[in-house]
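Worksheet: the structure to be examined is printed underneath.
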There are 2 protein chains.
Amino acid sequence: MTRRRSVTRLVDVAAQAGVSIATASRSLTGTNGVSASVADHVRRTAEDLGYVVNLHARSLAGGTTSTIGLIVHEIGDEYFSEIASGVLRIATQQELTVQICHSGHDPEVELAQIRTMVANQIDGIIIAGSGFVDPKLQAMSKAELISFRRSGGRVAVIGRHHLAADAVLPDNRAGGQSVAEHLLSLGHQRIAVASGPRGLTTVADRLAGIEAALRSRGRRLEDVPVIEAAFTRDGGKVAAAKILGEHGDVTAVIALNDAMAIGVLSIFRTRGIKVPGQVSVAGFGDIPVAEDLAPSLTTVRLPMAKMGELALTMALKPAASRPRRQTTGHSLMVRDSTGPVSTH
Amino acid sequence: MTRRRSVTRLVDVAAQAGVSIATASRSLTGTNGVSASVADHVRRTAEDLGYVVNLHARSLAGGTTSTIGLIVHEIGDEYFSEIASGVLRIATQQELTVQICHSGHDPEVELAQIRTMVANQIDGIIIAGSGFVDPKLQAMSKAELISFRRSGGRVAVIGRHHLAADAVLPDNRAGGQSVAEHLLSLGHQRIAVASGPRGLTTVADRLAGIEAALRSRGRRLEDVPVIEAAFTRDGGKVAAAKILGEHGDVTAVIALNDAMAIGVLSIFRTRGIKVPGQVSVAGFGDIPVAEDLAPSLTTVRLPMAKMGELALTMALKPAASRPRRQTTGHSLMVRDSTGPVSTH
DNA sequence: CTGAAAGCGCTTACAG
DNA sequence: CTGAAAGCGCTTACAG
């Protein structure tokens, strides 16, 4: 954009304080080897002059940036804004700058964003979106991240990726199992799943958990309608409409995230379907509003903000020889949207 | 952090392509004055080598960064994540990097964040939090922004601030008036307000709108209990409890944002208070989930994502001689949480 | 403890 | 159309 007019520079501070720029630099960065009185004087002078260091110059000269990049699918989605909130909490605390961008579930966009971040000499990258079941889709991103790591960059991902990076692993599989078992134990036999794209690892893992629960009762996932739609509220609406149309006999719906569950509840409300009287509905994630829905939503709680904190914390540690994994727990929040299967 | 090992630099590309770094630079930035064939060759070479420009060096040499800063109170709040989503939409489109940070309703934190951004040679700053009624609280921020603008930086704020910057002005006053009139016309005489801190301009403006509606019916704001609490869901709970305890006769509650309204609904549900049968509840903002609450929330719709888009769009335009203001509209979304005053 | 100087990786007048 | 060179504002060996 426009060329910036010159502002106060280190050389101005040094001149004003009557020292060399080397001493001025050391005083301001807190490098030792400067007498306390001189350092103090320089700092005061800088303050008086309203000096702020040019981070680009510092980065170029010193090789550090103190900034980390955060890639989310869509910040308007509460799942990601909670994660982002956790990341920002730690970042503020560590005086780190955070760059944020959308990937929109698109591997090509993700790759472009990673490249931009690398170009920005970012210190670390956190990828918070779901991975893809097909490793080919992220092969380019993977190559980019490997070279980034090789040059000293740090990477942490949230969720299962084929990116060979430190990872925070949400308890998707076990969570899926818990919620399915909950419904099965309430007597539900005809369960449908409002699912996001099965190409996403998040979706695949949650489905795998549901499958495990079914298996333990001698049933198979293949016998359960899994309706794929967008991993959003609108996707939930689409899935709900389809379930109503094609599988009118279901007594329970598991939505694979809370956004979809909200869409399902919305359609059911519109169509006058009683929840949980006629159909039980469960979600996944436990975004803050889940307990304020009516009926309040039974869902699998994942510690989103905590996951953001963990990811950044991992990224700040020196790289290990092999990728670290940190699993989160989950808890099934049983609320009002699920109940025993009605027997009439 | 750690010093980065050297990666492919422009000089490597130039050597490989057999041209000077000046020509290589021009080819890559698309500056004209390079023969098409040479430029093409350089670009291909760069691609082959996986070259990505060092933005810090570019910034230092050229004075541009292509990055903008976004300051929100808290990204976990849907109001701000919607705004951020709008900002990111435009930013992606314009190939701009976005730095994001929390201010947490704290003027000092805000000031520190602004300074960091200025130090980062950011091209533009967007402040999305509410302003403060007391101009003194942001005097330092204002000074910082003025000097930032003087040196070529661009600033846009969302909401009323004493910052003398381009502003997107949410329709807070008119919105407050609309929602109050809605309730008054439903026959409600005893209305309480679940309010955020009155020191925030957002709160003050919404209250002013409510006051205008009351005045037009010959009533005064002073006669209405305005319960101040945190501008969050928890604050809404606190306010609701207080209203129930101290003003048990109210028939309607206006919450000054949707987060507070959700808290109010939550308490009312717990206490078994029928909405809108016993008490009507209205919010402000229309976050996406508002229509999915039960009862669905009557609220003032503000185009949050659009506001984010507008703010960045303004910031990208060359500065005008005097601050521009762009007002948004609002619409009252009448849903199920408000109804006529019960007459028994 | 302090300073002169090299160098980080680019862009952009300036000259040809 | 192309290149040699200066310079952006810092940090950090290297000398003293």
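Just one of (1) crowded, with 18+ Cβ neighbours inside 10 Å; (2) away from DNA strand D (no atom under 13 Å from the Cβ); (3) over 30 Å from B:L302 (Cα atoms) fails for B:H73. It is (3).
Of all residues in the stretch A:27-40, those satisfying the criterion of being buried (at least 16 other Cβ atoms within 10 Å of the Cβ) and more than 7 Å from DNA strand D (Cβ to nearest atom) are A:S27, A:V34, A:V38, A:A39. Identify, from the list A:A84, A:A24, the residue that is of a type in the set (G, A, S) and more than 8 Å from DNA strand D (Cβ to nearest atom). Criteria check complete, one pass: A:A84. Those helices (runs of 4 or more DSSP H) of the stretch A:7-98 in which at least 2 residues are more than 30 Å from A:S130 (Cβ to Cβ), considering only elements entirely within it, cover A:10-17, A:21-29, A:36-49, A:55-62. The set of residues from the stretch B:142-165 being among the hydrophobic types (A, V, I, L, M, F, W, C) and assigned to a helix (DSSP H, G or I) comprises B:A143, B:L145, B:I146, B:F148. The residues on offer are A:R115, A:R149, A:R89, and the sole one that is at the interface with another protein chain (Cβ under 7 Å from one of its Cβ atoms) and charged (D, E, K, R) is A:R115.
Every residue, every condition in (1) more than 8 Å from chain A (Cβ to nearest Cβ); (2) within 16 Å of DNA strand C (Cβ to nearest atom); (3) closer than 22 Å to A:I125 by Cα, yes or no:
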position: B:V13; (1), (2), (3): yes, yes, no
position: B:L28; (1), (2), (3): yes, yes, no
position: B:A39; (1), (2), (3): yes, yes, no
position: B:N54; (1), (2), (3): no, yes, yes
position: B:G69; (1), (2), (3): yes, no, yes
position: B:G76; (1), (2), (3): no, no, yes
position: B:C101; (1), (2), (3): no, no, yes
position: B:D106; (1), (2), (3): yes, no, no
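When B:A46, B:A22, B:A61 are screened for being within 14 Å of chain A (Cβ to nearest Cβ) and near DNA strand C (Cβ under 7 Å from one of its atoms), only B:A61 passes.
Laboratory data are not the source of any read-out in this text; all were calculated from the coordinates shown. Just so it is clear, the structure is predicted and the values come from calculations on it, not from any experiment. Cβ atoms come from the backbone with ideal geometry, glycine included; neighbour counts cover every protein chain shown.
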